[in-house]
Amino acid sequence: MVELSQSQQNLDRVFAALADHSRRQMLVQLRQNSLSISELAKPHNMSFAGVAKHIEVLSTAGLVRKVRSAHDKRSFRIELANETLDAAATWIEYHRKFWTNKLDQLAAYLEEEENHERRSIKSRKKD
């Protein structure tokens, strides 16, 4: 069995966390400012415990972090943490460029083949 590096494990956690619609929506909610778990739960019609589980997945993936509330030192707020998301975006961009390059090469090859076929047809018509 192949052992994954720490960065590969982190990437797996990010993609697993992003695979869930509710978690992606929570990340969208957090774009404006930090929120409490109760505030995150409201639009999802989800229990506090359900949202807390989603937050734990997002936190383990490094996509959010819990910070003590400035107003109430006993409670926590959730805020975005982009470090692992940046790593995932870099991975996606690297592979997007790779496949775009391959598709461009394929398109150029097919165009050359089509042009070659047209030249062959024209030369046969002249004969």
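Checking each residue in the stretch 48-69 for being in a loop (DSSP other than H, G, I, E, B) and in contact with a helix residue (DSSP H, G or I) (Cβ under 7 Å, 6 or more places away or on another chain) picks out ALA61, GLY62, LEU63. Can you tell me which condition SER47 does not meet? The list is (1) modelled with pLDDT under 90; (2) under 17 Å from LYS66 (Cβ atoms); (3) not acidic (Asp, Glu), and all the others hold. Tallying (1) modelled with pLDDT under 90; (2) under 17 Å from LYS66 (Cβ atoms); (3) not acidic (Asp, Glu), SER47 fails exactly one: (2). Selection of helices (runs of 4 or more DSSP H) fully inside the stretch 1-44 by the criterion of at least 2 residues being polar (S, T, N, Q) returns 6-18, 21-29. Just so you know, in the stretch 33-69 the residues that are of a type in the set (Ser, Thr, Tyr) and in contact (Cβ under 8 Å) with a residue 24 or more places away in the chain include one that is surrounded by the fewest Cβ atoms within 10 Å (Cβ to Cβ), and it is SER69. On the stretch given as the stretch 75-95, residues that are more than 20 Å from LYS53 (Cβ to Cβ) and at pLDDT 80 or above total 9.
Taking the conditions (1) at pLDDT below 90; (2) surrounded by 10 or more Cβ atoms within 10 Å (Cβ to Cβ); (3) assigned to a helix (DSSP H, G or I) in turn, ASP72 satisfies each one other than (3).
Residue check: SER123 meets all listed conditions (1) surrounded by 10 or more Cβ atoms within 10 Å (Cβ to Cβ); (2) not assigned by TED's automatic domain parsing to the domain that holds ARG13 but one, namely (1). Output the qualifying pairs, or none if there are none: Cβ atoms under 7 angstrom, residues six or more apart or on different chains, first residue in the stretch 86-99 and surrounded by 11 or more Cβ atoms within 10 Å (Cβ to Cβ), second residue part of a helix (DSSP H, G or I) and aliphatic (A, V, I, L, M). Once the first residue is surrounded by 11 or more Cβ atoms within 10 Å (Cβ to Cβ) and sits in the stretch 86-99, its partners that are part of a helix (DSSP H, G or I) and aliphatic (A, V, I, L, M) give ALA87/LEU11; ALA88/LEU11; ALA88/VAL14; TRP91/LEU11.
The values are calculated or read from the model by the stated rules, or taken from the named source; none is laboratory data. Being a predicted model, the structure only gives us computed values, none of them experimental. Cβ atoms come from the backbone with ideal geometry, glycine included; neighbour counts cover every protein chain shown.
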